[in-house]
Amino acid sequence: MAASRAHLGAGRGGQLASPGQRALLPPCDSGLWARWRLSAMVFSNNDEGLINRKLPKELLLRIFSFLDIVTLCRCAQISKAWNVLALDGSNWQKIDLFNFQTDVEGRVVENISKRCGGFLRQLSLRGCIGVGDSSLKTFAQNCRNIEHLNLNGCTKITDSTCYSLSRFCAKLKHLDLTSCVSITNSSLKGISEGCRNLEYLNLSWCDQITKDGIEALVRGCRGLKSLLLRGCTQLEDEALKHIQNYCHELVSLNLQSCPRITDEGVVQICKGCPRLQALCLSGCGNLTDASLSALALNCPRLQILEAARCSHLTDAGFTLLARNCHDLEKMDLEECVLITDSTLIQLSIHCPNLQALSLSHCELITDDGILHLSNSSCGQERLQVLELDNCLLITDVALEHLEHCQGLERLELYDCQQVTRAGIKRMRAQLPHVKVHAYFAPVTPPTAVGGSGHRLCRCCVIL
């Protein structure tokens, strides 16, 4: 990344990198390094090398367009001619700096923006904690055609960055502000005014956001299709009412760990967003079957439902859901402690596309439920992932049933105390491609002959 920093701010036809700069290039094997040095000597001494004479610049430029950042920076150090071609803005339409996050500072982003200008369409600065508002303002001014911007974990940025994006980046469609904890409602007001083409917005863990910010956002960005609000702990049902009123195109909504959300808010979302395909309600502990009923009656296209730790949901709610949402593909029901085999029977009958199912800590699930699942069309043809951690009633019999699931790729069995190594071995003999994750507690050592006192578990013995 140091090499790219040295070049990205330079004008076209800039000087070759010094030996010291070349030393900062990412390492490669000795053979490649030897060939690289040879070609560097050839083209450094003669910009009219064979490849330059035989291929037109347009074709070389096209070849360079397939290279990644590191390779482009290496090519830029071959010769003056290649420096111009490699650093041409048309080669830098998509940039992901995640692998260089510890090195990226504000000036790197500024140099990139000056080099790429209107060519840049996608930029990921995920994890680049050294980037702040000033450099992103320069970026916004120079790269006005940006459509996809990932600022996940850029903790230095504030509302000022969103103001800049609103002013200069009207074509923005995808914006990720995950863990940008200084973002407030003012940012959402700015985005709604200047980025009206926005389709995807991730505000996860931006815990200063309230219903007022959501209202301002959806009034301007009515084309939102994906909205992620994980960990926005101040959001209440009224925020969902605003989404219902304006975002009728919404396909994906994530409300994980929004503890103030109740059935009232979910019902409103379901009525106003009938195209919903993915919904995460994990950690919304106040929800009841009323939410599942609303989903069943209003969102027939639902494919993904995450309801982990929603401990009030019952078989009745999931029965209604299964009978109406036949496109379900993935369900996370971890710690839905009230559900029984009845839910699995309904899913087996009505949801033929089910591919992934988590039942961890659903302690009422038995071998009989797994039997119905494995004998169904989804079990035999579609099921790929099944999580049964801490399902205490599951035994080796369930593993025998699962032998019918030819598409099964991963099975979680942590703390299934009635499952044995022998049972897993027998299942693996029939399904050798399955990855089984299980844990067997170490056997407590027997009390010494003639000894007295309490038996100690292995942990205590070690200590």
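The values are calculated or read from the model by the stated rules, or taken from the named source; none is laboratory data. Everything quoted here is computed from the prediction, not taken from an experiment. As a convention, Cβ positions derive from the backbone with ideal geometry for all residues, glycine included, and neighbour counts pool all protein chains shown. SASA here: full protein model, heavy atoms, side chains in, ligands and nucleic acids out. Shrake-Rupley method; radii C 1.70, N 1.55, O 1.52, S 1.80 Å.
With the contact rule set at Cα under 8 Å and sequence spacing of 6 or more, what percent relative contact order holds for the stretch 101-148?
54
What number in nm² do you get for the stretch 196-321 if you take the convex hull of its Cα atoms and divide its surface by four?
So the mean shadow area of the Cα hull is 6.3 nm².
Using a 1.4 Å probe and counting only protein heavy atoms, arrange I69, I243 so the residue with the most accessible area comes first.
Highest to lowest solvent-accessible surface, that is I69, I243.
Per residue, how much accessible area does the stretch 299-404 have with a 1.4 Å probe, in Å²?
36
Any chance you could list P(r) for the stretch 310-437, counting all Cα-Cα pairs in 10 angstrom bins from zero, rounded to whole %?
For the stretch 310-437, the pair-distance distribution reads 14, 51, 30, 5.
Could you estimate the translational diffusion coefficient of the stretch 266-335 from the Stokes-Einstein equation, with Rh from the Kirkwood formula over C-alpha pairs, at 4 °C and 1.567 mPa s, in whole µm²/s?
Translational diffusion coefficient: 111 µm²/s.
Rank these residues by their accessible area, most exposed first, probe 1.4 Å: V104, V397, V251.
Working: V104 5, V397 65, V251 40 Å².
My answer, sorted largest first, is V397, V251, V104.
Which order do W92, W82 take by accessible area at a 1.4 Å probe, largest first?
W82, W92
Where Rh is the Kirkwood radius over the Cα pairs of the stretch 119-239, the temperature 4 °C and the viscosity 1.567 mPa s, what D in µm²/s does Stokes-Einstein return?
94
For the pair R301 and N99, how long in nm is the line joining their label points, each one 7 Å along Cα→Cβ?
Simple spin-label model gives 3.7 nm for this pair.
Could you pull the accessible area for L67 with a 1.4 Å probe, rounded to 10 Å²?
In the full protein context, L67 sits at about 60 Å².
How large, in Å, is the stretch 297-383 by the Kirkwood hydrodynamic radius built from its alpha-carbon pairs?
12.5
Once you place label points 7 Å from the Cα toward the Cβ at H437 and R167, how far apart are they in nm?
Result for the modelled spin labels: 4.7 nm.
On a C-alpha basis, how far is the centre of the stretch 399-435 from the centre of the stretch 344-360 in Å? Whole number, if you could?
After rounding, the separation between the Cα centres reads 18 Å.
According to the Kirkwood expression over distinct Cα-Cα pairs, how big is the hydrodynamic radius of the stretch 350-393, in Å?
Numbers: mean 1/r = 0.0937 Å⁻¹.
Across the stretch 350-393, the inverse of the average 1/r is 10.7 Å.
What is the dipole size for the stretch 155-283, taken about its Cα centre, with +1 at each Lys and Arg Cβ and -1 at each Asp and Glu Cβ, in debye to the nearest 20? Please report the intermediate quantities before stating the final value.
Numbers: 15 positive and 13 negative charges, 96 e Å.
With Lys and Arg at +1 and Asp and Glu at -1, about 460 debye.
Share of the stretch 205-316's accessible area from carbon and sulfur, percent, 1.4 Å?
Summing carbon and sulfur atoms, their accessible area is 44 percent of the total for the stretch 205-316.
Return the inverse of the average 1/r over all pairs of distinct C-alpha atoms in the stretch 364-430, which is the Kirkwood hydrodynamic radius, in Å to one decimal.
11.7
Measuring from the lowest to the highest alpha carbon on each principal axis, how far does the stretch 37-168 reach, largest first, in angstroms?
So the three principal-axis extents are 52, 27, 19 Å.
What figure, in Å² to the nearest 10, do you get for the accessible area of F119 with a 1.4 Å probe and non-protein molecules left out?
F119 has an accessible surface of roughly 90 Å² with all protein chains in place.
Taking 7 Å along the Cα-to-C-beta vector as the label spot, tell me the K54-H174 distance in nanometres, rounded to one decimal.
Between K54 and H174, the simple spin-label model gives 3.8 nm.
Once you have the Cα-Cα distance between Q418 and S65, take 0.36 nm times their residue separation minus that, and quote the gain in nm to one decimal.
Full-extension gain reported as 121.4 nm.
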